[in-house]
Amino acid sequence: MAGRGMAREIEPAISARGVIKSFGRQRVLDSLTVDIPYGVTYCLLGPNGSGKTTFIRAIVRLLHLDGGEMSVLGRPVSEVDEIYSQIGYMTQHKALYPDLTVQENMEFYAGLYGLKKQQRVARLEELLEMVDLSEHSGRLAGALSGGMYQRLSLACTLIHEPELLLLDEPTVGVDPRLRQTFWEYFGRLTQEGKTVLITTHLMDEAEKCQRVGYMRAGRMAAEGTPEEILRQAGLRPILKLWLAEPERDAVLLRAEGYEIDVVGGVVQVRLESHARIKEVLAAVSPLDMRLAEPKLEEAFLRLSEAA
Amino acid sequence: MNPSPARAGVVALRVVRQLKRDRRTIGLIVFAPIVLMILFGYALSGDMSGVHLGLVDGGGHAALRAHLVSIQDFDILRLGSESDAERLISEGRLDGAVVLGPEGVRVLLDSSSLQIAGAIAAAVQAGAAKEKTGLQTAGQQKAQESAITTRYIFGYDLVMMDTVGPAILGLVVFFFTFINAAIAFIRERSQGTLEKFMVSPLSRVEMVSGYVLGFSLFTILQSATTLFVVTFGFGVPLRGSPITALAVVLLLGAGALVLGSFFSNFARSEFQVVQFIPLIITPQIVLCGIWWPLESVPEFIRPFSYMLPLTYAAHALRAVMLKGAGVADILYPDLLALGIFFLIFSAAATMMLRREVA
Ligand SMILES: Nc1ncnc2c1ncn2[C@@H]1O[C@H](COP(=O)(O)OP(=O)(O)O)[C@@H](O)[C@H]1O
Ligand SMILES: [Mg+2]
């Protein structure tokens with residue numbers, strides 16, 4: 001256990017170095033470099049066609065790379081076949097048999113991974129509960145709604161308790177409450193040391209992840225923790241101050257080196273960090289104030305405009 | 001990783017569950033052969049009209065040959081060798097044969113229908129007499145008399161249905177297995193399940209074996225019903241063991257499955273699978289020797305006939321049903337050819353289940 005912990009500190013769960021993949025003349029992965037550490041929920045974000053699915057398929061060797069290097073769970077990607085039993089891959093197509101029932105679909109995947117009867121029964125029950133399909137276990141998968149279908153696909157992907165989860169747009173069509181359940185479940189998995197890589201084009205989901213990579217045209221346009229990305233984009237929290245004498249205080253704050261805008265009589269201070277709030281309040285005494293946190297969405301917009 | 005029978009079993013179970021739920025396909029599998037048999041049964045009932053006579057032309061005997069050809073009732077089939085003729089008679093597909101050659105005339109007759117044998121013998125005598133007078137008028141002093149030797153071969157007095165029935169058994173199994181397998185594999189692709197398999201411990205060999213196993217159950221169901229209808233409904237003899245017939249059909253079905261899996265790579269939709277029918281199925285129907293003996297197919301097409309699995313299956317099934325052949329009798333070339341066909345296309349199908357889609 002100790003040895004494994006050491007290895008984990010040194011090596012990321014997935015490491016890509018200058019990965020290149022072209023389809024015909026279209027370069028879909030363009031010198032992609034990224035490290036995905038163990039034990040995090042990593043969100044791969046990006047507009048449609050930016051290469052997210054292609055990257056995931058490259059990780060599980062469904063594609064041959066045209067260049068670059070990659071390792072997965074400490075192995076070169078060329079050996080990834082040998083650790084398929086440790087990987088849970090949820091494809092964008094959802095990969096279910098519409099003419100089998102919910103339960104039969106799950107039993108099939110449990111069988112492929114060699115789950116024993118007892119283990120299988122317990123696991124099925126637990127997962128059906130999690131995806132809220134217990135009451136529908138006898139229904140044909142083809143008769144499920146889009147969101148239910150999605151949930152079943154997730155359950156089938158989790159059935160063998162994989163170390164590494166690769167989920168391609170797992171939350172499309174899932175209602176917000178259940179989405180919350182999913183994220184909590186992913187949180188529990190990462191606490192157990194599992195690694196979860198999720199693609200999405202929904203910006204608000206990124207904020208729930210420990211790390212975020214923003215892909216554009218086959219490259220990482222921005223990468224890091226959500227805070228790091230905000231900083232890269234030059235987005236800072238803004239402190240809005242309602243003051244008795246806004247003009248005078250604005251001059252004062254500028255003199256102290258703050259970036260100030262005055263909008264409709266409200267003084268807006270762009271903070272380098274939250275720690276500066278105290279210092280601002282030492283200089284002026286506002287009648288009222290509000291802190292506006294920057295949005296990741298805006299950061300991505302800025303970063304992609306800059307790119 | 002070693003192939004695991006357990007995982008192949010998991011795939012087989014899934015295939016069975018899916019097919020079981022597909023009522024229309026089950027209906028087709030069971031009833032289509034019956035409908036087909038009834039159609040053929042009416043169309044082909046009764047004796048074969050005319051006398052089917054093989055002719056092996058080794059040169060000379062122009063007058064005798066002309067005489068035989070001129071007889072309206074005789075349906076002449078030109079053959080390459082005496083052994084071909086002998087085999088066709090023993091299979092009940094010819095009533096007799098005449099072998100012309102410099103060393104004399106040999107007549108092969110089917111001992112099971114003496115009436116027809118008599119007619120053929122009489123016609124040959126008459127032709128030989130003409131030949132004799134022809135030679136005398138040409139001024140030859142001592143016309144060399146053609147030595148006519150007659151040999152009886154144990155054959156059958158068959159109705160058309162008897163020769164066609166066993167082959168139809170092979171045909172329906174081949175047709176339905178091919179189509180169903182191709183569609184199943186196309187679905188695996190479009191559903192994304194194939195991609196998921198690729199990223200699981202399931203190997204490609206296990207997947208193909210699982211399919212063969214699962215489909216075999218339905219092949220058994222289908223062959224059993226077809227066999228039942230052919231023998232009890234149409235009185236086609238079943239002299240050999242039904243188990244042997246089933247073994248032939250299972251091997252043929254396995255070949256059709258991997259062929260379907262292989263060709264699914266060239267279709268983008270289930271609809272396009274249907275378009276393979278004229279390409280894959282029709283040539284087999286035409287060239288497998290159900291309707292006319294392979295020996296009568298033009299020489300340049302014949303090698304092609306010998307590449308088609310249905311050719312061997314039809315031959316083997318006829319031997320089992322009509323002649324009571326056992327496994328040992330049909331091992332070479334029929335079972336061997338079917339086995340080779342299966343192996344080649346399972347290798348091809350497995351290889352085509354590549355990971356990379358693009
Ligand atoms: N198998 C393929 N053949 C050809 N082009 C492909 C293939 N897969 C993906 N592409 C192209 O690569 C680009 C990126 O696709 P993808 O990785 O699916 O993007 P995303 O998942 O971010 O929406 C798209 O322009 C797509 O058309
Ligand atoms: Mg995608």
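The values are calculated or read from the model by the stated rules, or taken from the named source; none is laboratory data. Owing to the predicted nature of the structure, the values given are computational and were not obtained by experimental measurement. When we count neighbours, we look across all protein chains shown, and the Cβ atoms used for this are built from the backbone with ideal geometry, even at glycine. To get the accessible areas, we keep the full protein, side chains included, count just its heavy atoms, and leave off ligands, DNA and RNA. Shrake-Rupley method; radii C 1.70, N 1.55, O 1.52, S 1.80 Å.
Results for (1) away from every other protein chain (no Cβ under 14 Å); (2) more than 30 Å from B:Asn180 (Cβ to Cβ); (3) at pLDDT 90 or above, shown as yes or no for each residue.
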| site | (1), (2), (3) |
| --- | --- |
| B:Ala12 | no, no, yes |
| B:Arg21 | no, no, yes |
| B:Leu55 | yes, yes, yes |
| B:Leu114 | yes, yes, no |
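Within region A:80-108, the set of residues being within 8 Å of another protein chain (Cβ to nearest Cβ), buried (at least 19 other Cβ atoms within 10 Å of the Cβ) and within 19 Å of A:Pro170 (Cα to Cα) comprises A:Ile87, A:Tyr89, A:Thr91, A:Lys94, A:Ala95, A:Leu96, A:Tyr97. Filtering B:Arg302, B:Arg354 for residues that are free of Cβ contacts under 8 Å to residues at least 60 places away in the same chain, within 14 Å of the chain's Cα centre (by Cα) and open to solvent by 30 Å² or more (accessible area, probe 1.4 Å) leaves a single hit, B:Arg302. For region A:19-34, how many residues are away from ligand 2 (no atom under 15 Å from the Cβ) and within 17 Å of A:Ser71 (Cβ to Cβ)? So the count comes out to 5.
Consider A:Leu112 carefully, then state whether it is buried (at least 20 other Cβ atoms within 10 Å of the Cβ) and within 15 Å of ligand 1 (Cβ to nearest atom). Judged against the criteria, A:Leu112 is not a match. Among the strands (runs of 3 or more DSSP E) confined to region A:172-275, the ones with at least 3 residues that are β-branched (Val, Ile, Thr) and open to solvent by less than 10 Å² (accessible area, probe 1.4 Å) are located at A:195-200.
Taken together, the criteria place A:Arg75 among residues that are open to solvent by 40 Å² or more (accessible area, probe 1.4 Å), free of Cβ contacts under 8 Å to residues at least 24 places away in the same chain and more than 11 Å from chain B (Cβ to nearest Cβ).
Within region A:211-231, residues that are within 14 Å of another protein chain (Cβ to nearest Cβ) and in contact (Cβ under 8 Å) with a residue 40 or more places away in the chain have Cβ atoms under 9 Å from residues that are open to solvent by less than 10 Å² (accessible area, probe 1.4 Å) and more than 16 Å from ligand 2 (Cβ to nearest atom) in no pair, counting only partners at least 6 apart in sequence or on another chain.
Residues are listed down the side, and each one gets a yes or a no for (1) assigned by TED's automatic domain parsing to the domain that holds B:Thr350; (2) crowded, with 19+ Cβ neighbours inside 10 Å; (3) in contact with a strand residue (DSSP E or B) (Cβ under 6 Å, 6 or more places away or on another chain); (4) part of a helix (DSSP H, G or I):
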residue	(1), (2), (3), (4)
B:Val249	yes, yes, no, yes
B:Phe262	yes, yes, no, yes
B:Gly289	yes, yes, no, no
B:Glu295	yes, yes, yes, yes
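Look at region B:179-198: where a residue is assigned by TED's automatic domain parsing to the domain that holds B:Phe215 and a partner is of a type in the set (Val, Ile, Thr) and surrounded by fewer than 21 Cβ atoms within 10 Å (Cβ to Cβ), sitting 6+ places away or on another chain with Cβ atoms under 7 Å, you get B:Asn180/B:Thr25. Per the conditions (1) open to solvent by less than 60 Å² (accessible area, probe 1.4 Å); (2) at pLDDT 90 or above, the sole criterion not satisfied by A:Ser304 is (2).
Which residues, counting only those in region A:155-171, are open to solvent by 10 Å² or more (accessible area, probe 1.4 Å) and within 16 Å of ligand 2 (Cβ to nearest atom)? A:Glu169, the sole residue that qualifies.
Residue by residue, here is whether (1) free of Cβ contacts under 8 Å to residues at least 12 places away in the same chain; (2) assigned by TED's automatic domain parsing to the domain that holds A:Tyr97; (3) of a type outside the set (Asp, Glu); (4) away from ligand 1 (no atom under 16 Å from the Cβ) holds:
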| residue | (1), (2), (3), (4) |
| --- | --- |
| A:Tyr149 | no, yes, yes, yes |
| A:Thr157 | no, yes, yes, yes |
| A:His160 | no, yes, yes, yes |
| A:Leu164 | no, yes, yes, yes |
| A:Asp175 | no, yes, no, yes |
| A:Gln180 | yes, yes, yes, yes |
| A:Phe186 | no, yes, yes, yes |
| A:Thr190 | no, yes, yes, yes |
| A:His201 | no, yes, yes, no |
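Total residues in region A:52-72 satisfying the condition of being within 13 Å of ligand 1 (Cβ to nearest atom) and more than 13 Å from chain B (Cβ to nearest Cβ): the figure is 2.
The residue of region A:38-51 that is nearest to the other protein chains (Cβ to nearest Cβ), among those that are open to solvent by 10 Å² or more (accessible area, probe 1.4 Å) and not hydroxyl-bearing (Ser, Thr, Tyr), is A:Gly49.
Out of B:Val236, B:Val273, B:Val205, one residue alone is part of a helix (DSSP H, G or I) and either closer than 29 Å to B:Gly165 by Cβ or within 19 Å of the chain's Cα centre (by Cα) (or both). It is B:Val273.
Among the residues making up region B:199-225, those that are touching a residue at least 40 places away in the same chain (Cβ under 8 Å) and within 8 Å of another protein chain (Cβ to nearest Cβ) are B:Pro201, B:Leu202. Just one of the numbered conditions (1) under 30 Å from B:Leu109 (Cβ atoms); (2) outside the structural domain of B:Gln136 (by TED's automatic domain parsing); (3) open to solvent by less than 40 Å² (accessible area, probe 1.4 Å) is not true of B:Leu79: (2). Is it true that B:Gly192 is at pLDDT below 95, within 14 Å of another protein chain (Cβ to nearest Cβ) and buried (at least 17 other Cβ atoms within 10 Å of the Cβ)? Against the criterion (at pLDDT below 95, within 14 Å of another protein chain (Cβ to nearest Cβ) and buried (at least 17 other Cβ atoms within 10 Å of the Cβ)), B:Gly192 qualifies.
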